[in-house]
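Okay, structure first, notes after.
Taken together, the values in this text are just the output of simple stated rules run on the coordinates, not laboratory data. Since we're looking at a predicted model, the values are computed, not measured. For neighbour counting, all protein chains shown are included, and Cβ atoms are generated from backbone atoms with ideal geometry for every residue, glycine included.
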Amino acid sequence: MLNLKPPPNLMQKPATSAPRPAAAEQRSVNPANYALVRDRVQQRLLAELSPSATRDDTIEVRRVIEKLFAEVVAELGLPLSRTDRADILDLVLADITGFGPLEALLRDDAITEVLVNGPHHVFAERKGKLVETEIKFRDNDDVMRVVERIVAPLGRRVDESSPMVDARLPDGSRVNVIIPPLALDGPSISIRKFPKHALSPDELIKKGAMTPGIAEFLKACVGARLNIVVSGGTGTGKTTVLNALSSFIPEDDRILTIEDAAELRLQQPHVVRLEARPANIEGKGHVSIRQLVVNALRMRPDRIVVGEVRSGEALDMLQAMNTGHDGSLTTVHSNSARDTLRRVETLVLMAGMDLPLRAIREQIASAFDLIVHLQRLSDGSRKIVQIAEVQSMEGDIIVMQDIFNFVQTGVDQGKVQGYFTATGVRPKFYEKLEAAGMNIQPSTFMPTEPLRIRR
């Protein structure tokens with residue numbers, strides 16, 4: 001089976017119409033006719049391609065596929081209408097040069113995640129809600145063809161000796177694959193798509209993720225070079241908020257971004273983007289986030305932005321924040337602002353330095369200024385639900401103080417109702433904001449009347 005790389009702009013073209021289903025089972029096309037035509041076209045493709053054609057030469061490949069398609073349909077004498085003929089050609093092109101049944105889902109800008117649980121269960125997330133689609137693969141081998149098409153252009157492999165892999169599609173979407181024997185019900189594919197443009201703070205306000213007052217406060221915190229951690233569970237919008245916060249960084253700052261898979265889209269002119277690298281097929285060439293953080297300190301950064309700390313690089317990040325690299329940003333998986341601190345403690349211990357717990361907590365209390373915690377609510381909306389200041393150490397405990405909260409008051413017709421409010425506590429770093437020329441009115445920190453948020 002030919003594993004052709006999809007064209008680089010496959011998922012970057014603007015949608016001109018509603019996406020069409022990408023599986024024969026979802027159209028009026030006879031599945032048997034489709035499979036017969038596709039298999040015959042595939043069998044002849046290698047022989048027909050010009051010797052100079054490569055996997056990246058999608059124009060040549062598509063030209064040959066269209067020619068072979070016409071020949072195969074004529075030879076078989078299939079009674080196809082013009083519509084059926086066009087539909088089958090689209091399916092064959094998607095199956096050979098694209099991602100087969102997943103093509104329509106990947107082209108749909110409203111879909112943020114695509115999850116394949118074996119050949120017969122494909123799920124998609126729209127507006128925070130996960131639903132099962134009608135799209136199906138024929139069998140496990142059919143899923144594996146798509147998997148190979150994803151990983152082969154990256155020089156990666158997936159087989160029984162290496163049954164898990166992280167990859168990135170041409171548009172930057174993040175992909176995780178795990179196959180049998182680890183995946184008991186067939187190959188599993190998880191694709192996290194990202195919007196074509198990073199959401200601005202104003203767009204997040206319109207979506208109800210925060211208020212204008214909270215946005216102004218966060219802008220002042222970034223401008224005053226506070227170290228900020230964005231926390232939350234999977235799919236809560238941490239990277240989206242991190243992108244928005246980074247828009248507040250002055251353009252004359254030298255920014256280094258460090259990510260496991262490049263997702264950040266900073267607009268400043270002086271940005272150096274670093275991305276970790278997995279090991280190759282021979283198990284060599286691995287470059288970790290931790291190595292990149294250490295190297296970044298030698299590159300004269302004004303600010304360091306780490307897409308996510310998930311291991312021992314947390315220690316290096318703390319040391320960077322505590323050695324003059326103020327204004328750094330990062331994200332952490334956690335269930336609350338307080339849990340974020342416990343999570344970072346655990347990650348630091350993974351560095352293998354055998355540090356006393358109190359010493360780790362002192363590092364955390366000294367490094368972090370603010371934690372912005374996100375949550376995906378029951379209606380699928382994503383909001384900043386807690387903004388907390390990391391104040392100091394008292395004994396062996398890190399003292400925190402909430403500054404803003406989202407208060408949920410109920411659910412109306414499936415939509416979460418609630419309001420954002422300050423807690424009435426002015427943060428201890430308020431003087432630092434003033435010294436940096438950030439004018440935040442004291443009234444910003446006064447509790448507000450309940451303002452119900454509708455989305």
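Numbers for the structure displayed
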item	result
Sequence of 168, 303 once ranked by neighbouring C-beta atoms within 10 Å, starting from the fewest	168, 303
Extension gain from residue 161 to residue 448, taking 0.36 nm per residue of separation minus the Cα-Cα distance	97.5 nm
FRET efficiency estimate (nearest 0.05) - Cβ-Cβ, residue 120 to residue 67, R0 41 angstrom	0.75
Spin-label model distance (nm) - residue 110 vs residue 401, 7 Å beyond Cα toward Cβ	4.6 nm
Proxy reagent accessibility, fewest Cβ within 10 Å first, across 157, 145	157, 145
Per-residue Cβ neighbour rank within 10 angstrom, fewest leading, 323, 423	323, 423
Sites residue 275 and residue 359, calculated FRET efficiency, Cβ-Cβ separation with R0 45 Å, nearest 0.05	0.90
Straight-distance crosslink candidates among aspartates and glutamates, where the alpha carbon sits under 13 Å from residue 238 and sequence neighbours closer than 8 are dropped	263, 308
Aspartates and glutamates with Cα under 16 Å of residue 432, excluding same-chain neighbours fewer than 8 positions away	216, 326, 369, 389
Rounded to 5, the percent of DSSP beta bridges in the chain classed as antiparallel	70 percent
Fraction of the pair-distance distribution of the chain above 33 Å, Cα-Cα pairs, percent	45 percent
Helix-only CD estimate at 222 nm, as mean residue ellipticity for the chain, using -39500 (n - 2.57) per DSSP H run (n ≥ 4)	-9500 deg cm²/dmol
Bridge type composition, the stretch 201-445 - antiparallel percent by DSSP, nearest 5	55 percent
Of all DSSP beta bridges in the stretch 253-365, antiparallel share, percent nearest 5	10 percent
Unit charges on C-beta of K, R, D, E only; dipole of the stretch 201-334, Debye	120 debye
Segment residue 322-residue 252, length gained on full extension (0.36 nm per residue, minus Cα span)	23.0 nm
Distance in nm between pseudo-label sites at residue 196 and residue 419 (7 Å out along the Cβ direction from Cα)	3.9 nm
